[in-house]
Amino acid sequence: MKSPIGIFDSGVGGLSVLRSIREEMPHQDLVYFADQAHVPYGPRPLEEVRGFADAITRFLLGRSCPLIVVACNAASAAALKTLRQTFPDIPFVGMEPAVKPAAEQTHTGVVGVLATPATFQGELYASVVERFANGVEILQDPCPGLVGQIEKGDLQGAQTRLILEKAIRPMLEKGIDTIVLGCTHYPFVIPQIQEIAGKNVRVIDPAPAVARQTARMMESHHILSSSLEKGKTTYYTSDEPGKMIRFIDECFKITCSVEKLSWKGNMLST
Ligand code: DGL
């Protein structure tokens, strides 16, 4: 593998970002790590998530990744700042809820944000709202249990629908015309969200913008692959690989192998 982009999340959510990165950079090798032994990150203390992000970064650097995409809003909220301090030579791309484009585009002046508690608690979210909300009313919902449903691959079941209804109906009553997805798991239920919210509500998935930003950074650091061959993707998880293999098969129609890594104390090893 040549200069693979390292991408990680607590689970399968970051695959929504990987999908856009793959479209943007078809020749680039990618390494994806899902910390499924610890999913969900959302309800955990930021400090604990910071420890996971640090160890995962060290693992990805050991796999020769010259750039790392923190494809997780919760881990970005908890750790992006310290990762950049700890590894000053490594470019990081992180996630932040797309409040800026939402505030620019809303007509009703009311925007809904679906994320997880860690993201809502982080300084990053507070600063995004402070800088960009500009008088727009922002309604938030942490969608309890939704990450778990998506991890199970239960995208269309009654429980998933109920969680989404509970979050979105009150927002619709208050006049939202835009929903920001502030968790990388949630793009996998965009059809269900759109069904509840109706076609006049715009749903913002930040993945394509993050993929473009990743490509720009790869280029400016002169690490973009010049190969004309199709890029390879290597998948790792910290849990039993079966769940992730099935998810990738169902959502992307790809048969792949996934290697298991184990947490030994606060380090990851094969
Ligand atoms: N997909 C992640 C995010 O964007 C993490 C969700 C979780 O593990 O709670 O926040």
Q | Thr234 versus Glu250: modelled label distance in nm, points set 7 Å from Cα along the beta carbon direction | A | 2.8 nm
Q: Run down the aspartates and glutamates and flag those whose C-alpha is under 14 Å from the C-alpha of Lys230, throwing out any fewer than 8 positions away in its chain.
A: Glu23, Glu24, Asp29
Q. Expressed in nm to one decimal, what extension gain is obtained for the pair Lys81 and Ile190 from 0.36 nm per residue of sequence separation less their Cα-Cα distance?
A. 36.3 nm
Q: Mind putting a number on the dipole of the chain about its Cα centre? Charges go on the C-beta only, +1 for Lys and Arg and -1 for Asp and Glu, and I need it in Debye to the nearest 20.
A: 320 debye
Q: Would you please put 20-28, 139-147, 4-12 in order of how densely packed they are, using the mean number of other Cβ atoms within 10 angstrom per residue and starting with the highest?
A: 4-12, 139-147, 20-28
Q) Given springs between every Cα pair under 10 Å in a Gaussian network model of the chain, which of Ser257, Ser227, Ser238 has the largest fluctuation? A) Ser227
Q: Choose one answer from Lys230, Lys260, Lys152: the residue with the largest mean-square fluctuation in a GNM of the chain with alpha-carbon springs under 10 Å.
A: Lys230
Q | Of Lys2/Lys260; Lys152/Lys264; Lys199/Lys232; Lys2/Lys264, pairs whose Cα-Cα distance is over 31 Å | A | Lys199/Lys232
Q | Mean residue ellipticity (222 nm) of the chain, computed from DSSP H runs ≥ 4 via -39,500 (n - 2.57), nearest 500 | A | -13000 deg cm²/dmol
Q: Translational diffusion coefficient, Stokes-Einstein: compute it for the chain using the Kirkwood radius over C-alpha pairs as Rh, at 4 °C and 1.567 mPa s, and state it as an integer in µm² s⁻¹.
A: 69 µm²/s
Q | Most positive-pole-ward Cα, Gly148, Ala158, Ala126, against dipole of segment 87-167 from beta carbon charges | A | Ala158
**Q.** Overall form of segment 190-270 per C-alpha gyration tensor (a/c, 1.5; a/b vs b/c)
**A.** oblate
Q) Net charge near Thr270, counting Lys/Arg +1 and Asp/Glu -1 over other residues with Cβ under 13 Å of its Cβ? A) +2
(Q) Test of understanding: what is the full-extension gain from Lys2 to Ala209, defined as 0.36 nm times their sequence separation minus their Cα-Cα distance? (A) 72.1 nm
Q) Hey, can you rank 117-127, 168-178 by average C-beta count inside 10 Å, highest first? A) 117-127, 168-178
Q: State the Cα centre-to-centre distance between segment 105-166 and segment 6-65 in whole Å.
A: 20 Å
Q: Based on other C-beta atoms within 10 Å, arrange Lys243, Lys264 from fewest to most.
A: Lys264, Lys243
**Q.** Given charges at beta-carbon only (K, R positive; D, E negative), |dipole| of segment 115-270 in Debye
**A.** 240 debye
Q) About its Cα centre, what dipole magnitude does segment 99-205 give when the only charges are +1 on Lys and Arg Cβ and -1 on Asp and Glu Cβ, stated in debye to the nearest 20? A) 140 debye
**Q.** 11 Å beta-carbon shell around Ala207, net charge (K/R +1, D/E -1)
**A.** 0
Q: Once you have a ≥ b ≥ c as the square roots of the Cα gyration tensor eigenvalues for segment 109-172, tell me rounded if a/c is under 1.5, and otherwise prolate or oblate according to whether a/b is larger than b/c.
A: oblate
(Q) Can you sort Cys251, Cys183 from fewest to most other Cβ atoms within 10 Å of each residue's own Cβ? (A) Cys251, Cys183
Q | Separation of the Glu173 and Lys199 label points, Cα + 7 Å toward Cβ, nm | A | 2.7 nm
(Q) Rounded, prolate or oblate for segment 99-205? Axes are the square roots of the Cα gyration tensor eigenvalues, ordered a ≥ b ≥ c, and the cut-off for rounded is a/c under 1.5. (A) oblate
Q.
What does DSSP give for the chain in terms of the percent of beta bridges that are antiparallel, rounded to the nearest 5?
A. 10 percent
Q. Any idea what the relative contact order of segment 18-97 is, in percent, if you count C-alpha pairs under 8 Å spaced at least 6 apart?
A. 28 percent
**Q.** Asn134 paired with Asp154, simple spin-label distance in nm, labels 7 Å along Cα-to-beta-carbon
**A.** 4.1 nm
(Q) Just to confirm a number: summing +1 for Lys and Arg and -1 for Asp and Glu over residues other than Lys81 whose beta-carbon lies under 10 angstrom from that of Lys81, what do you get? (A) +1
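FYI, it's all coordinate maths here, none of it is from the lab. Quantities reported herein were computed from a predicted structural model and do not represent experimental measurements. Every residue, glycine among them, receives a Cβ derived from its backbone with ideal geometry; neighbour counts consider all protein chains shown.
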